[in-house]
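Trainee: Quick one: the structure is below, questions incoming.
The values are calculated or read from the model by the stated rules, or taken from the named source; none is laboratory data. Keep in mind that what you see is a predicted model, and the values were worked out from it rather than measured. Note that each Cβ is placed from the backbone with ideal geometry, even for glycine, and that neighbours are counted across all protein chains shown.
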Amino acid sequence: MSLALVDLDADPIPDYLEPVEAWRVWRVVMRERRVVLQSLFAGAVWEPGVPLVASCSAAHRSRWTPWRKKPSDHPAPELDCRCGIYGVKSVAAARSYLETPPLLCRDDRVIGRVALWGDVVEGPLGWRASYAYPVELFVPAPVVAGSGLRRRAYVDEILSALEAYRVPVDLVAPSALAVS
Ligand SMILES: [Zn+2]
């Protein structure tokens, strides 16, 4: 089997691995008329059916040409860097990202479990890894007050669009995500 071929019917998470399971929050965005998941901070787009591959966006100054910043050439994540795809250990830690950084305009977010594999660096709150793919997605239900039909229709649209990731997608009441 050629590794260069992406088999759309195959599970994006290799079955010979025992991935780390973490929690994270994504932003839901439109890209080329498709609804896709995007990383909150790095802005990476998570394509359905394909693992996200980490790369390092940090720049460093070359010792011999210090006036020029060169892109990092190390594989991500590196121990001394901050690169890699992030996931946190608890739903409570992930939940805070549903509202931070502050939402300036409409910014729809989903929370879920994510598989992390490849090189995995552990930190106090979670991990950063070289490969990632969602395991299960939860779309926060619109809060009752102020949620019109339009809003509800939009949430339904997100729910069905996220099925492209071929993982369980569920509507979840915000209270179900409350920290106990
Ligand atoms: Zn790095």
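Trainee: Cβ-Cβ under 8 Å, sequence separation 6+ or interchain: first residue in region 116-135 and on the phi > 0 side of the Ramachandran plot, partner modelled with pLDDT under 95 and of a type outside the set (G, A, S). Which pairs?
Mentor: From region 116-135, no pairs qualify.
Trainee: Which of (1) modelled with pLDDT of 90 or more; (2) more than 16 Å from the ligand (Cβ to nearest atom) is the odd one out, the single condition W127 does not satisfy?
Mentor: All conditions pass for W127, except number (2).
Trainee: Is one or more of the residues making up region 130-140 at pLDDT below 95, assigned to a loop (DSSP other than H, G, I, E, B) and more than 16 Å from the ligand (Cβ to nearest atom)?
Mentor: no
Trainee: With the requirement that a residue be loosely packed, with under 11 Cβ neighbours inside 10 Å and either touching a helix residue (DSSP H, G or I) at 6+ places or on another chain (Cβ under 9 Å) or within 18 Å of R27 (Cα to Cα) (or both), what does region 43-80 give you?
Mentor: Selection gives G43 alone.
Trainee: Kindly evaluate A76 against the criterion of being near the ligand (Cβ under 8 Å from one of its atoms) and either on the phi > 0 side of the Ramachandran plot or not polar (S, T, N, Q) (or both).
Mentor: yes
Trainee: Give the residue, chosen from V91, V143, that is surrounded by fewer than 16 Cβ atoms within 10 Å (Cβ to Cβ), modelled with pLDDT under 95 and aliphatic (A, V, I, L, M).
Mentor: V143
Trainee: So, one more: Among (1) modelled with pLDDT of 95 or more; (2) within 15 Å of the ligand (Cβ to nearest atom); (3) over 23 Å from E47 (Cα atoms), where does G118 come up short?
Mentor: The number of the failed condition is (3).
Trainee: Here is a list: V29, V53. Which entry is away from the ligand (no atom under 16 Å from the Cβ) and within 16 Å of the chain's Cα centre (by Cα)?
Mentor: V29
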